[in-house]
Amino acid sequence: MCGIVGVVGNEAAAPILLDGLSKLEYRGYDSAGIAVRNNNDEFTIVKAKGRLKDLQEKTNDGLAVPGTCGIGHTRWATHGEPSEINAHPHSTDDKNVVGVHNGIIENYQELREKLIKKGYSFYSQTDTEVVVKLVDYYYKKYNIGPIDAIAKTMVRVRGSYALVLMFKDFPGEIWVARKDSPMIIGTENGASYVASDVPAILKYTRNVYYIGNHEMGRLTKDGATFYNLDGEEIKKDLVEIKWDAEAAEKEGYEHFMIKEIHEQPRVVRETLNTHVKDGKIDFSEIGLTEEVINSVTGIYMVACGSAYHAGVVMQYVMESLARVPVRCELASEFRYRNPILDPNELIVIISQSGETADSLAALREAKTQGIKTLAIVNVVGSSIAREADYVLYTLAGPEIAVATTKAYSAQLIAGYLLSIEFGKLRGHLDDAKYTELIKELETIPDKITKILEDKERIQWFSNKLANSTDIFFIGRGIDYAICMEGSLKLKEISYIHSEAYAAGELKHGTISLIEKGIQVISVLTQTDLFEKTISNMVECKSRGAYSMGLTSYGNYSVEDSADFTVYIPKINPLFAASLAVVPLQLLSYYVSIERGLDVDKPRNLAKSVTVE
Ligand code: M6R
């Protein structure tokens, strides 16, 4: 959480910083700030509570803050309330060191007390002010220069950080350090950039360095130099980013979320095209060999939020097609429950950002125990992608809306491909079935397009839900997994309380909540379970529920028990999540709009959860 950006070059820095922050606002948006050095080497620090637009207004879109070297930050509060005083950048009283930070310094209280004893005072409640002043302390005490002062600080702090600093004595230079929080460095045409994520600098450069854990860097307009903790210079290769700059823009859509919903046919197609060659799944680039696949005795799918929901779908599909035992776990639980792992198991970490703190920690826990790890990741070069043994990239491109849509869809495709390949190589799918399943996957993009063409019906129905206080989603098997995702989408952007329930569990408690007018959305795509879920729908309806059914064309009997029915094209039920999720994404989107909420930046949330 929190977005950081920095630039040093020949152009005015503030407009570039504000533009970069606008691409990072999804990472946090309770306050923002910039610090820029003018030609006299003085720092101007401007901060504003609230959305970035407040900072833009306060700085006249950056024009009021001259200088060509600066840093910026958009905040998701961890230590200290959202306020101007707690907003970054933070600085020492003499402006010797000015910095922004993404992450958490766990021992900041202890360090703060130490610094107070050394004569420092603190104006904010943040851990960042502590780390900036600690750098200053080492810098002045030992007179050793930025790299050594930062290195000493890195050894002393516990926690995670992407730290971007400017020193009064080093005009035209930006200093960076990283541990466990994302950071990329870009360089092009007499300017260098640092950011939490690619979209912030994509307009200016496609050439980036990935800075590793416990590494530092120095940026000037001529390029970047990197150092290890011992202060020795290290070499890094520039990596070209293939994403289009336009991919991080709204391109005429009112919100990123609706744009990203519409991108799903393309994203699914691209993910398929990347991993399927001439009708056959090709994981050769991933290094996932037949030998590895056959040696696996069990799989853990580990993830958070929607990625976890994708994992729940994969669990059903993998067990069905490959007959491998699969367990899907929340990363935040997995990492702390001391899991008993077998060396022949495979841990699959699913993550859009590749930076989610709990998922990353789960990956490391597995690696510590010597278990093979495979990452299904969207962001190229992210921490999870770099640390996993095998990486299966989803081709979703930059996802900006906090509520994930296209990345979830791409994750499902990756999971299907993995399941089909496991099924084939482990002897559970013959050639004909293998080919048939791949062909079925290839129909998904057009089927999603068809669903999107009918979005006005969903928009109309969203009116009926806009004033709800409680909405229940029920389904069985994969339909239950779809319900989990539909329910999360709704609550995160519409703030309506909602629960996903395994339909068979209703009678074990939840049905007592059903009364006249309560809305129940039933998902019925699983042919084998259809009649069972219909019975549960009827039970809700007869207790007064207002009911929506989501099913495949042909299942018209749903209309007998639903007040409103949404149909999706027919598909192998194992892949139905890819279609059924789309109307639920649209529904959440339109309900949020109807309620006048900020769809792309829901309250209290951030896109990338890099703290526990
Ligand atoms: O980047 P990740 O896929 O690891 O993120 C996991 C969750 O934080 C994420 O899916 C979150 O639940 C989304 N906001 C849901 O829309």
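Here, each number is a calculation from the coordinates, and none is a lab measurement. The shown structure was predicted, so the numbers you read here are calculated from the model rather than taken from an experiment. Heads up, the Cβs are rebuilt from the backbone with ideal geometry, glycines too, and the neighbour counts pull from every protein chain shown.
Structure values in brief
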read-out: GLU215 long-range amide H proximity, modeled H, under 5 Å; value: ARG178
read-out: Cβ crowding within 10 Å averaged over residues, with 510-516, 9-15 ranked highest first; value: 9-15, 510-516
read-out: Potential lengthening between LYS53 and TYR123 on full extension [0.36 nm per residue; Cα-Cα distance subtracted]; value: 22.7 nm
read-out: Computed label-point distance, nm, for sites GLU499 and ALA432 using a 7 Å Cα→Cβ extension; value: 4.6
read-out: Sparse-neighbour loop sites [chymotrypsin sites (Phe, Trp or Tyr not before Pro); the range 109-172; at most 12 other C-beta within 10 Å; DSSP]; value: TYR123
read-out: Simple spin-label estimate for TYR336 and SER320 in nanometres, 7 Å along Cα-Cβ; value: 3.4
read-out: Estimated [θ] at 222 nm from DSSP helical runs (n ≥ 4, -39500 (n - 2.57)) normalised by residues in the chain, nearest 500; value: -11000 deg cm²/dmol
read-out: Mean Cα-pair separation over length for the chain, i.e. relative contact order, pairs under 8 Å, 6 or more apart, %; value: 12
read-out: Centre separation in Å (Cα based) which lies between the range 493-524 and the range 89-164; value: 49
read-out: The range 546-594 pair-distance distribution - Cα-Cα, 5 Å bins, rounded %; value: 5, 20, 25, 24, 17, 7, 2
read-out: For the range 264-336, the Rg and Dmax computed from alpha carbons only, in angstrom; value: 14.2, 43
read-out: Shape category assigned to the range 252-442 from the gyration tensor of Cα positions, a/c cut at 1.5; value: oblate
read-out: Semi-axis lengths (Å, descending) of the ellipsoid that matches the C-alpha gyration tensor of the range 1-66; value: 19, 12, 10
read-out: Extension gain, ASN40 back to ILE144 (0.36 nm per residue minus Cα-Cα distance, nm); value: 35.0 nm
read-out: Dimensions in Å of the range 1-133 - Rg and Dmax from alpha carbons; value: 14.2, 42
read-out: For the range 79-95, 3J(HN,Hα) per residue [Karplus equation, 6.51 cos²θ - 1.76 cosθ + 1.60, θ = phi - 60°, Hz, x = Gly/Pro]; value: 9, x, 4, x, 7, 5, 5, 7, 5, 8, x, 10, 8, 6, 4, 8, 6
read-out: Förster-model FRET efficiency, 25 Å R0, ASP230 and ASN107, C-beta, rounded to 0.05; value: 0.65
read-out: Karplus (6.51, -1.76, 1.60) ³J(HN,Hα), θ = phi - 60°, over the range 116-123, in Hz, Gly and Pro reported as x; value: 4, 4, 8, x, 7, 10, 10, 9
read-out: Pairwise centroid distance, computed over Cα atoms, of the range 432-450 with the range 168-184, Å; value: 47
read-out: Separation of the ASN10 and ASP282 label points, Cα + 7 Å toward Cβ, nm; value: 4.3
read-out: Restricting the range 279-378 to chymotrypsin sites (Phe, Trp or Tyr not before Pro) in coil, as DSSP defines it, with at most 14 other Cβ within 10 Å; value: TYR336
read-out: By average C-beta atoms within 10 angstrom, highest first, the peptides 91-104, 342-355; value: 342-355, 91-104
read-out: Beta bridges per DSSP with both ends in the chain, % antiparallel, nearest 5; value: 60
read-out: Local electrostatic count, GLY67, Cβ distance below 10 Å [Lys/Arg +1, Asp/Glu -1]; value: -1
read-out: Within the chain: Cβ-based charge dipole about Cα centre, in debye rounded to nearest 20 (Lys, Arg +1; Asp, Glu -1); value: 920
read-out: Whichever lysines have a C-alpha closer than 25 Å to that of LYS117, once near sequence neighbours (fewer than 8 apart) are set aside; value: LYS95, LYS133, LYS140, LYS141, LYS152, LYS168
read-out: Directionally averaged shadow of the range 144-202, computed from the convex hull of its alpha-carbon atoms, nm²; value: 4.7
read-out: Cα-based shape type of the chain, given that a ≥ b ≥ c are square roots of the gyration tensor eigenvalues and the cut on a/c is 1.5; value: prolate
read-out: Burial ranking of peptide ranges 23-32, 367-376 (average Cβ count within 10 Å, highest at the top); value: 23-32, 367-376
read-out: Pairwise FRET efficiency - GLU251 versus GLU290, Cβ, R0 = 41 Å, nearest 0.05; value: 0.45
read-out: The range 450-598 pair-distance distribution - Cα-Cα, 5 Å bins, rounded %; value: 2, 11, 22, 26, 22, 13, 4, 1
read-out: Lysines whose Cα lies under 20 Å from that of LYS23, excluding same-chain neighbours fewer than 8 positions away; value: LYS47, LYS49, LYS53, LYS58, LYS203, LYS242, LYS250, LYS259, LYS406, LYS601, LYS607
read-out: Separation between Cα centres of the range 581-612 and the range 191-217, rounded to whole Å; value: 28
read-out: The range 339-475, Rg to Rh (Cα coordinates; Rh as Kirkwood inverse mean 1/r); value: 1.05
read-out: Cα-based Rg of the range 348-427 normalised by 2.2 N^0.38 Å, two decimals; value: 1.10
read-out: The range 83-180, Rg to Rh (Cα coordinates; Rh as Kirkwood inverse mean 1/r); value: 0.91
read-out: Computed FRET value (nearest 0.05) for LYS114 with LYS507, which takes r as the C-beta separation and R₀ as 56 Å; value: 0.45
read-out: Difference of contour (0.36 nm per residue) and Cα-Cα distance, GLU188 to THR449; value: 90.1 nm
read-out: Kirkwood Rh (inverse of mean 1/r, distinct Cα pairs), the range 501-552, angstrom; value: 11.0
